[in-house]
Amino acid sequence: GSRDTNIVQHDVRVARHNVATLSAHGQEVCGLAWSNDGEVLASGGNDNLLCLWDASSSSSRPEPRFKMTDHQAAVKALAWSPHERHLLATGGGTADRCIKFWSSQTGALLNSIDTGSQVCALQWNPFEKEILSSHGYARNQICLWKYPSMAKIKELEGHTSRVLHLATSPDGGTVVSAAGDETLRFWEVFCPPSKSKSADMYGSGSGVPSKLSWTSQIR
């Protein structure tokens, strides 16, 4: 995705690797995410538009399967659920502040919650039905939510500028956050089921450390 509003699909296995150009957004494309089965591509733009594209399309200039206009600001945060097929979470910018959940099969909006601040990134817990969101103004916090109730479990603070990116470690236990304050912070936020039963480490049976905080910082 780029500032020219297009998405270019490449297949590096072939010599002519530019296999498709996806055009539906009216402004810069700021978010891309493939579904876990590789069948659907989600794209979000500064035009407040969310598009879902079929990977199986044979056209060099395909049309999106669905175009959603419910967000009221740029759609940068995109995350596919590892627990439920076809479930996509998206987050809107400052004028929107919402996390929305969609069915990629029907295009239906399943739920929406106003978080109170810009949603910059989303990351699912690979072990439990929980989702992590990172935010901008005014508190630049990271929030852990229980799905589908969207009850807030924890708030993590430490960054002094908006938290632009989240990524989970290969073992699923640690999340790294990158922010506009030019720091990376590592959080032990997700816990494998085998450890979540330890009463010494975890409080309230939620699978989250009762005194969770960032474990290290890189600047």
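The values are calculated or read from the model by the stated rules, or taken from the named source; none is laboratory data. The model shown is predicted, which means the values in this text are computed figures rather than measured ones. Glycine gets a Cβ as well: all are built from the backbone with ideal geometry, and neighbour counts include every protein chain shown. We work out accessible area using only protein heavy atoms, side chains counted, and drop any ligands, DNA or RNA first. Shrake-Rupley method; radii C 1.70, N 1.55, O 1.52, S 1.80 Å.
Structure above, values below:
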| item | result |
| --- | --- |
| The range 1-33, subset among the hydroxyl-bearing types (S, T, Y) and closer than 16 Å to P62 by Cα, residue surrounded by the fewest Cβ atoms within 10 Å (Cβ to Cβ) | T21 |
| Answer from N46, N36 - the residue that is open to solvent by 40 Å² or more (accessible area, probe 1.4 Å) and over 23 Å from G136 (Cβ atoms) | N36 |
| Selected residue (criterion: most open to solvent (accessible area, probe 1.4 Å)) from residues of the range 126-138 that are closer than 21 Å to R85 by Cα and touching a His at 6+ places or on another chain (Cβ under 9 Å) | K129 |
| Test: residue in the range 139-150 that is loosely packed, with under 15 Cβ neighbours inside 10 Å, in contact with an Asp or Glu (Cβ under 7 Å, 6 or more places away or on another chain), at pLDDT 95 or above and not charged (D, E, K, R) | no |
| Count of residues meeting criterion [outside any loop (DSSP other than H, G, I, E, B), over 13 Å from the mean Cα position of the chain (by Cα) and not hydrophobic (A, V, I, L, M, F, W, C)] in the range 58-86 | 1 |
| S43, sole failed condition from (1) farther than 28 Å from K129 by Cβ; (2) among the hydroxyl-bearing types (S, T, Y); (3) in a strand (DSSP E or B) | (1) |
| Residue match in the range 87-102 (condition: outside any loop (DSSP other than H, G, I, E, B), more than 22 Å from R3 (Cα to Cα), in contact with a Leu (Cβ under 6 Å, 6 or more places away or on another chain) and open to solvent by 20 Å² or more (accessible area, probe 1.4 Å)) | no |
| Selected residue (only one of V163, V208, V119, V189 is under 24 Å from G31 (Cβ atoms), modelled with pLDDT under 95 and either touching a strand residue (DSSP E or B) at 6+ places or on another chain (Cβ under 9 Å) or crowded, with 16+ Cβ neighbours inside 10 Å (or both)) | V189 |
| Residues that are among the acidic types (D, E) and assigned to a loop (DSSP other than H, G, I, E, B), drawn from the range 120-145 | E128 |
| Cβ-Cβ under 9 Å pairs, at least 6 apart or on other chains, the range 166-186 side closer than 15 Å to Q141 by Cβ, far side among the aromatic types (F, W, Y) and open to solvent by 20 Å² or more (accessible area, probe 1.4 Å) | V175/F186; S177/F186; S177/W214; R185/W214 |
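To keep it simple, each residue is scored yes or no on (1) more than 27 Å from W187 (Cα to Cα); (2) open to solvent by 20 Å² or more (accessible area, probe 1.4 Å); (3) touching a Gly at 6+ places or on another chain (Cβ under 8 Å).
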residue: W53; (1), (2), (3): yes, no, no
residue: S56; (1), (2), (3): yes, yes, no
residue: M68; (1), (2), (3): yes, no, yes
residue: Q105; (1), (2), (3): yes, yes, no
